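Student: Quick one: the structure is below, and I'll ask about it shortly.
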Amino acid sequence: MSTVSVDEQAIAEAKDLRDQFQRFLREYEFGMREVETKISILRDEFTHNHAYNPIEHVKSRIKSPDSIVEKVARKGIEPDFDTIRAEITDIAGVRVTCSFVADVYRLFDLLTQQDDVTIRQVKDYIADPKPNGYKSLHTIIEVPVFLSTGPIAVPVEVQFRTIAMDFWASLEHKIHYKFQGQIPGHLVDSLTEAADAASELDVRMERLHREAHGVRPRELAPPRVISV
């Protein structure tokens, strides 16, 4: 009789933990949707007001429970929700693929200068690429989410990159996965060369775009990246 009681209690505790985890992840889902909405509004405004769309596509994701648990173990942090909130900032992620490098910085500036957006971190891997050639502009921002219990600030990682950068990163990820991180030296060299070629392609395509369309209006000039 006592065994049945213990089992029922264990099941109840497991369900409660599951429900807490689901509520925890929903906060990040709501934050991610807030950022998606902001980006969608910017895209629509550019399309209607400037007859130009700087965004090629947008992808979003929430880390799976397994990925969160693995990261908790790697970082050696306490497995409680408050600590996870404080220490893991990429649970919600949005990737914005732009046409050109100038569009990357322009959209970063327009998004992060909004009054309800707080910048927590910026890593400019376009100005300072990783050793393997990876390029992208990463930022961690906080956006307010208004729940029935009150507002909360949710961190969302936003990555901005060009089409060429995205193509290279996708290929590098597949190779990294295939070799489980132990990529042969000749492939590393080839990837680095490909990163240089992608960078050159970005420069050439943006130059062609400017030549075809002339100098853009002053309000569309690329902004300066904010250092945090």
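The values are calculated or read from the model by the stated rules, or taken from the named source; none is laboratory data. Please read all numbers here as calculations on a predicted model, not as lab measurements. Quick reminder, even Gly has a Cβ in these numbers, built from the backbone with ideal geometry, and neighbours come from all protein chains shown.
Student: Among helices (runs of 4 or more DSSP H) lying entirely in the stretch 1-90, which contain 2 or more residues that are within 29 Å of A102 (Cα to Cα) and of a type in the set (G, A, S)?
Tutor: Those helices (runs of 4 or more DSSP H) span 2-50.
Student: Within the stretch 25-66, take every residue that is of a type in the set (K, R) and loosely packed, with under 15 Cβ neighbours inside 10 Å and give me the one that is nearest to R106 (Cα to Cα).
Tutor: Per the stated criteria, the residue is K59.
Student: Next question. Given the structure, is I175 assigned to a strand (DSSP E or B) and within 23 Å of the chain's Cα centre (by Cα)?
Tutor: Answer is no for this residue.
Student: A follow-up question, please. Working carefully through the options T112, T89, find the one that is within 17 Å of P155 (Cβ to Cβ), in contact with a Pro (Cβ under 8 Å, 6 or more places away or on another chain) and of a type outside the set (D, E, K, R).
Tutor: It is T89.
Student: Quick check on my filter: what residues within the stretch 85-123 are more than 16 Å from V143 (Cα to Cα), without any contact (Cβ under 8 Å) to a residue 60 or more places away in the chain and among the β-branched types (V, I, T)?
Tutor: V104, the sole residue that qualifies.
Student: List every residue pair whose Cβ atoms sit under 8 Å apart, with the two residues 6 or more apart in sequence or on different chains, where the first one lies in the stretch 19-45 and is modelled with pLDDT of 95 or more and the second, anywhere, is part of a helix (DSSP H, G or I) and small (G, A, S).
Tutor: Note: no pairs meet the criteria.
Student: Output the number of residues of the stretch 126-152 satisfying the condition of being assigned to a strand (DSSP E or B) and either buried (at least 21 other Cβ atoms within 10 Å of the Cβ) or free of Cβ contacts under 8 Å to residues at least 24 places away in the same chain (or both).
Tutor: Number satisfying all stated conditions: 8.
Student: Within the stretch 104-111, is even one residue of a type outside the set (F, W, Y), crowded, with 17+ Cβ neighbours inside 10 Å and more than 30 Å from T47 (Cβ to Cβ)?
Tutor: Checked against the condition, which is being of a type outside the set (F, W, Y), crowded, with 17+ Cβ neighbours inside 10 Å and more than 30 Å from T47 (Cβ to Cβ), the stretch 104-111 yields no hits at all.
Student: Being closer than 25 Å to I91 by Cα and not acidic (D, E), is that true of even one residue in the stretch 182-190?
Tutor: No, because not a single residue in the stretch 182-190 is closer than 25 Å to I91 by Cα and not acidic (D, E).
Student: Checking K123 against (1) of a type outside the set (F, W, Y); (2) over 23 Å from S40 (Cβ atoms); (3) in a loop (DSSP other than H, G, I, E, B), only one condition comes out false. Which one?
Tutor: Going through the list (1) of a type outside the set (F, W, Y); (2) over 23 Å from S40 (Cβ atoms); (3) in a loop (DSSP other than H, G, I, E, B), K123 breaks only (3).
Student: Using the structure shown, decide if D202 is charged (D, E, K, R), modelled with pLDDT under 90 and assigned to a helix (DSSP H, G or I).
Tutor: Yes; evaluated as a whole, the condition is true for this residue.
Student: Now for a separate question. In this structure, does G76 turn out to be on the phi > 0 side of the Ramachandran plot and free of Cβ contacts under 8 Å to residues at least 12 places away in the same chain?
Tutor: yes
Student: Here is a further query. For a quick check of your reading of the model, give me the residue pairs whose first member lies in the stretch 177-203 and is over 20 Å from F100 (Cα atoms), whose second is polar (S, T, N, Q), with beta-carbon atoms closer than 9 Å and at least 6 apart or on different chains.
Tutor: Final answer for the pair search is I183/N132; V188/N132; L191/N132; T192/N132.
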